[in-house]
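Enquirer: Right, I'll just put the structure down here and ask away after.
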Amino acid sequence: MSQQQAETPDIRCLSPEGIAKASESITEHKANKPSFKAFLMAVNAGAFIALAFMFYTTALADGHGKLVGGLCFSLGLMLCVIMGGELFTSTTLTLVARCAKLTTWKQLLKNWTVVYFGNLAGGLAVGLLVLLCRQYDAFGGKWGEIILNTSLHKISHVRPDEPYLRGFLEAMTMGVFCNIMVCAAVWLSFAGKTLTDKMLAMIFPVGMFVASGFEHSIANMFMIPAGIGIENLADDSFWQSIGATSDRYAALTIRNFVVNNLIPVTVGNIIGGGLMIGVYNWYVNLRASQGK
């Protein structure tokens with residue numbers, strides 16, 4: 001074997017067992033990261049997801065369908081993975097580190113809290129910029145109308161004529177489906193050895209969840225507050241351009257955002273990503289064969 005051959009890096013993707021093994025060290029590092037650093041990286045991730053939702057909205061406003069919009073949204077997860085952002089939905093995979101006894105429940109929950117509120121800060125910051133630059137007026141107001149209609153739909157899983165638990169379960173299940181796909185995308189990215197591998201692995205799982213209308217708690221931290229802001233701050237010319245009034249969107253309130261969407265969707269995201277993708281695939285590929 002020549003020296004050149006010996007120095008050629010192995011770029012073959014990891015096996016399912018290799019991914020599960022890699023997930024232990026990756027999630028251990030994430031779970032035990034210093035809180036201040038994790039918070040700053042989480043702000044980044046919240047902003048990345050918000051920017052990706054802007055890309056999605058622009059695609060729809062320009063006449064493209066949800067499938068194209070969903071593929072555009074995959075940019076957000078790419079930025080998080082490649083640039084090292086701490087995104088709560090993928091941070092749920094740190095349940096692997098807990099099951100492998102590489103971190104404690106206290107440290108894991110502390111990390112989740114720091115990342116969650118860091119994501120919130122990043123999403124709200126981008127939402128504020130959207131309001132300041134009146135991006136909602138783009139495409140003759142179509143851009144803002146999409147934000148409003150999407151936000152209204154997201155808080156409507158809980159209906160006044162049904163028990164709250166029925167709507168809670170609906171929103172939670174949509175969150176389960178979402179984070180199955182998000183964490184599947186991240187899990188696949190663990191297998192890649194090159195930038196191209198990692199980026200391509202994320203496109204279709206993310207595109208699928210967005211095109212299907214599943215619920216992503218962090219994306220909603222941008223989308224729904226932006227809708228609330230537009231409903232309260234947009235001037236008459238905007239409402240005239242879309243042929244509606246703010247009364248149509250009166251249900252867009254902070255309470256409805258938190259109670260009808262954010263809480264149940266967050267629970268669903270934890271179940272779908274942390275348990276159904278992370279813990280399940282880790283156990284199947286590493287522990288089940290050992291009879292543990």
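Enquirer: Every residue in segment 139-198 that is within 25 Å of W239 (Cβ to Cβ) and hydroxyl-bearing (S, T, Y), please.
Expert: T150, S151, S156
Enquirer: Quick one: P160 ticks every box in (1) at pLDDT below 95; (2) in contact with a Phe, Trp or Tyr (Cβ under 9 Å, 6 or more places away or on another chain); (3) not aromatic (F, W, Y) bar one, so which box is it?
Expert: (2)
Enquirer: When you go through T194, T173, T150 one by one, which is the residue that is over 20 Å from F55 (Cβ atoms), in contact with a helix residue (DSSP H, G or I) (Cβ under 8 Å, 6 or more places away or on another chain) and among the polar types (S, T, N, Q)?
Expert: Step by step, each of T194, T173, T150 is checked, and only T173 is over 20 Å from F55 (Cβ atoms), in contact with a helix residue (DSSP H, G or I) (Cβ under 8 Å, 6 or more places away or on another chain) and among the polar types (S, T, N, Q).
Enquirer: If you check K101 against the conditions, is it surrounded by fewer than 19 Cβ atoms within 10 Å (Cβ to Cβ), part of a loop (DSSP other than H, G, I, E, B) and modelled with pLDDT of 95 or more?
Expert: yes
Enquirer: Could you look through segment 128-150, keep only residues that are on the phi > 0 side of the Ramachandran plot and in a helix (DSSP H, G or I), and pick out the one that is surrounded by the most Cβ atoms within 10 Å (Cβ to Cβ)?
Expert: Taking segment 128-150 first, the residues on the phi > 0 side of the Ramachandran plot are 134, 139-141.
Keeping just the survivors that are in a helix (DSSP H, G or I) gives 139-141.
On the way: F139: 17, G140: 12, G141: 22.
Here the residue is G141.
Enquirer: Being over 18 Å from A138 (Cβ atoms) and touching a residue at least 60 places away in the same chain (Cβ under 8 Å) is the filter here, so list the residues in segment 213-242 that pass it.
Expert: Residues satisfying the conditions are G213, E215, H216, S217, I218, A219, N220, M221, I224, P225, I228.
Enquirer: Name the residue that is surrounded by the most Cβ atoms within 10 Å (Cβ to Cβ), counting only residues in segment 104-127 that are assigned to a helix (DSSP H, G or I) and free of Cβ contacts under 8 Å to residues at least 40 places away in the same chain.
Expert: Here the residue is W112.
Enquirer: Which of the helices (runs of 4 or more DSSP H) found entirely inside segment 163-251 contain at least 2 residues meeting this: polar (S, T, N, Q) and farther than 28 Å from A22 by Cα?
Expert: Details: elements: 164-191, 195-211, 217-233, 236-242.
So the answer is 217-233, 236-242.
The values are calculated or read from the model by the stated rules, or taken from the named source; none is laboratory data. Note that this is a predicted model, so its numbers are computed, not measured. Positions of Cβ are backbone-derived with ideal geometry, glycine not excepted, and every protein chain shown enters the neighbour counts.
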